[in-house]
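The values are calculated or read from the model by the stated rules, or taken from the named source; none is laboratory data. In this text, all values refer to a predicted model and were calculated from it rather than measured experimentally. Glycine gets a Cβ as well: all are built from the backbone with ideal geometry, and neighbour counts include every protein chain shown. Heavy atoms of the whole protein, side chains included, go into the accessibility calculation; ligands, DNA and RNA do not. Shrake-Rupley method; radii C 1.70, N 1.55, O 1.52, S 1.80 Å.
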Amino acid sequence: MIAIDLDQEVCWSSPVIDINPPGSGVAFSVDLAWTGFDNDAFDYINVKYSVDGGAFSTVPNQVGGGIGTIQYTAGLENNGSTTVSVSGISGSTLQIQVCGDFNANLETMSIDNVSVPSAQGLACAQEINVKQAAANISDGGSYNYGNVNLGANSSKVFTIENLGDVTLNLTGAAPNYVVKGGANSGDFTITQPVTNTINGGNSTTFTVQFTPGGVGARSCTLSIANNDSNENPYDITLTGTGTCPAITFTGTPTSTCSGTSNGQIAVSGVSGGTGPYMYSKDNGANYQAGATFAGLAANTYQVVVKDANGCTSGATPVLVDAFTPPPCNVTGADFVCSNSAGNLYTAPVGMSAYNWSISGDGSIQGLTTGQSVTVTSGNFINNYTVSVTVTDANGCTSSCSKQSFIYLQKPTADITANPDPVCLGAILDLSIAAAASSTVAWTGEGIVNPNGNPSTTAQPTTSGSLTYTVLVTTDYGCSNTGMVNVTVEDCDIDFSGKIAWENDDVSGVKDATVNLTGSASGSDVTDVNGEFSIMTSVSSGSFTLKPVKNTNKLNGVTTADASAIQQHVAAILPITDPYKLVCADVNKSNSVSSLDASIIVQAVLGNPAALSQIKTSWRFVPSVTHCRIRPGVSPNSARTRRSPRARPTRILSV
C-alpha cells in the first residue's frame, strides 16, 4: 500500500489474527519505505499492535531519532526503507496497525510484506466477554459491591467485549439489552449500553448503580442475550451489603432556672443517614419529629437520632444544667429626711428586668422598672420598705428589700428676693433663713457668691422672668431646695454728675458743656453748682462723656506763671501739683518746657500767634468716679450711668 501527501493521520489496520496457542511467543514484521520526510512533528510513521483486544502499543523509534517509529529530528527530504519487527508476543489474538502523517511537501510512504509467521489464521466468529475495570467476569460469575450505607449508592461500569472478528449482537429487546432479576433487583439500577452491535475487537459499556434498600446482604442477577453460540445468555450475579451509616449530631442544652422546667436541648448538625429524622431524649424509648426538646428540668438526657431507614445513632448524654439565681440586694439610706424627695435605691446592675414596690410611709416617684428608683419619704418618726424582683438574662428571678427610717428633719429653703421687679443689670439681693452650719448652693443668672449663707447677690444680664434656686443641706445630710421667680425689666439709661474745681473739690464750674456720644447722644450745660443731666431712650450700650469749656484764655495769666514754669524746668522749684502741671503744658505737647513759658510771655505781650498756641484754657481731669444710679443698677454694670467729677483747671495761677 502506498500513501502520498496525506496532510493528516491515516491508519491501516490488519484483521484480528489468531495466535493461540502462542507457544514461546509470536513475532511479526512490516516492510516500510518513505520519501521526502523532514524534521517536522507531522512527518512520521507509527507501527502499533494490540493483543487480545487491548490498547494499541506503539513500536519505539527505529529511524531518525524522533518520537514515532519512523520520525526525523534533523534534516530535510529524508528518504529510506526498513523492516520493523516485534517478537515475544503472547496472547490469543493480535491486530497490527500502521499510521502515517506528513505535511504538504509530496511525502510518500509504502507498507508491504506484513508477516506473522506463527499465526493460526484469522480470528473467526464472535466472542463475548464481560469485565469490570480490568477484571474479567466469566459467564455465570459474580461481582460484589461490598458494603454500601443505606441512603448512599455505588455505581460500577461494566464492559461488554467482542474478542472475535465477527460482529457480536446483543439480542435482548431494545433498549433493555441487559435484564435484571432476583430478590433485590429493585436495589440495582441499570444504565443500558448505547448500542447492541459490537464489531470484532470492539466493546460497549453499561452501568449498574447499587442503592441498598435495607440492612444486610442484597443481590440481583444480570442476563445478557447475544449471538455468541456458546455463551447465550451471559449471566452475572451482583451482590452487596446494606449497612447503617454513622449518624452524628450536636446536642446543645439551654440551662433552666433552679427549681423550674425551662430547659431545652436543640439537636443540630445531623450528619449521615437519610432524612427525615426522628429524635429521642430517653435513649430511643420514645421519638419525636422536632429537633428541640423543651420544658426540661435540670438532668442528664440520653439523646438518639433515627433516620428514615430506621438506622440510629449512638446515645449521647446531654446535661441540662440549673442556672444560679441572680444576685439581689437593695442599696440606699438607712435613715432619710422627713418629707424628702429623691431618696435613691439601687438594685444590681445588668439585669434584664426590674420590678419595684414600696410599703409604709413613702412613695416611689416615676417608673418602677429601672435599676434604680427614687422615693419621697413621709412624716418624721415613720419608716417604709422598698422591695424589688430582678430578672436576669436567663429569665431567672430573685427578690429582696430594704427598710429605711424617717428620723431626720428637712431644713427650710424659702428665698426672699429684693427688689422684685429689678432693672436689667442692677443688683438683686437674695436671702434665706438657714442655720449657720448648713451648706448652701445658689444657682441662677449672675449669682455672685454661690455659697452665700444666708444671702448672696446676683446681677441679671437678660430681661424677663428669671428663676433662682438654692439647695440647703444640713449637717445631718438632709437637704431642701427653694426657688423664686424674679422679673427683670429693661430700664432706660440717664447720665448725671457734677464738675467741681480742683482747688476745693466742692465749688461747681458753671457753663461747661458736657457732650454724650456712643450708643446715644446728647449734651447739657452745667448750672451754678456745676451739675448736669442727660437722658437717653436706650437701655444698653457703650457711651463717652466729655466736658468742654474754652473762654478768656489769658484771664488771670501773668508773666509770674512763665517764671514758675522756668523754675520748674530748671529744677529750682519743681511744680508737684499734678493739676498745675497739666495747666503748665499750655501747648498740650504732653511735657512742660521753656517753650510753654515763652508762649505765656509772648501772649501776655499781645502776640496773637503766641495766643493761638495756647490750647483750651479749661482742662478737665477725671476725679474719683461718682455715679448717680437709679435703684437696682450696679456701678460695675455696662449700663451704669456714670458722671465723672472733673477737676477743671484754668491757666490763672500755676
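Structural remarks
- Only beta bridges with both residues in the chain are counted; by DSSP, about 90 percent of them are antiparallel.
- At 1.306 mPa s and 10 °C, Stokes D of the range 94-172 from Kirkwood alpha-carbon radius, µm² per second: 89 µm²/s
- The length gained on full extension between Ala285 and Asn590, counted as 0.36 nm times the residue separation minus their Cα-Cα distance, comes to 97.9 nm.
- Sequence-distant residues sharing a close amide H with Gly284 (under 5 Å, placed H): Val304
- Length-normalised contact order for the chain - Cα pairs under 8 Å, 6+ apart - percent: 7 percent
- J(HN,Hα) series, the range 447-456, from Karplus relation 6.51 cos²θ - 1.76 cosθ + 1.60, nearest Hz, glycine and proline x: 4, 7, 10, x, 10, x, 9, x, 9, 8
- Filtered trypsin sites (Lys or Arg not before Pro), the range 530-627: DSSP coil and at most 16 other beta carbons within 10 Å: Lys588, Lys615
- Hits among lysines - C-alpha to C-alpha of Lys180 under 16 Å, sequence gap 8 or more where chains match: Lys156
- Alpha carbon centroid spacing (whole Å) that separates the range 574-611 from the range 521-547: 31 Å
- Base-10 log of normalised Debye intensity for the chain (one unit scatterer per alpha-carbon) at q = 0.07 Å⁻¹: -0.83
- Other-chain or far-sequence residues with amide H under 5 Å of Gly452's (modelled H): Trp442
- The calculated P(r) of the range 522-564, using every Cα pair and 10 Å bins from 0, goes 17, 33, 25, 16, 9, 1 in percent.
- Reducing the range 222-245 and the range 321-396 to their Cα centroids gives an inter-centroid distance of 85 Å.
- Packing-based ranking of 387-398, 475-486 yields 387-398, 475-486, ordered from highest to lowest mean Cβ neighbour count within 10 Å.
- The range 138-164 and the range 423-487: distance between their alpha carbon centers, rounded to Å: 104 Å
- Using θ = phi - 60° and Karplus 6.51 cos²θ - 1.76 cosθ + 1.60, couplings along the range 466-482 (whole Hz; Gly, Pro as x): 10, 10, 10, 10, 9, 10, 10, 10, 7, 5, 9, x, 6, 9, 8, 10, x
- Rounded to whole numbers, the Karplus 3J(HN,Hα) couplings from phi for the range 588-597 are 6, 8, 6, 7, 9, 9, 4, 4, 4, 5 Hz, using 6.51 cos²θ - 1.76 cosθ + 1.60 with θ = phi - 60°, and x at Gly and Pro.
- Element breakdown for the range 129-260 at a 1.4 angstrom probe: carbon and sulfur atoms account for 46% of the accessible area.
- Solvent-accessible surface of the chain, averaged per residue with a 1.4 angstrom probe and all protein chains in place: 48 square angstrom.
- For the peptides 498-511, 198-211, the ranking by mean Cβ contacts within 10 Å, running from highest to lowest, is 198-211, 498-511.
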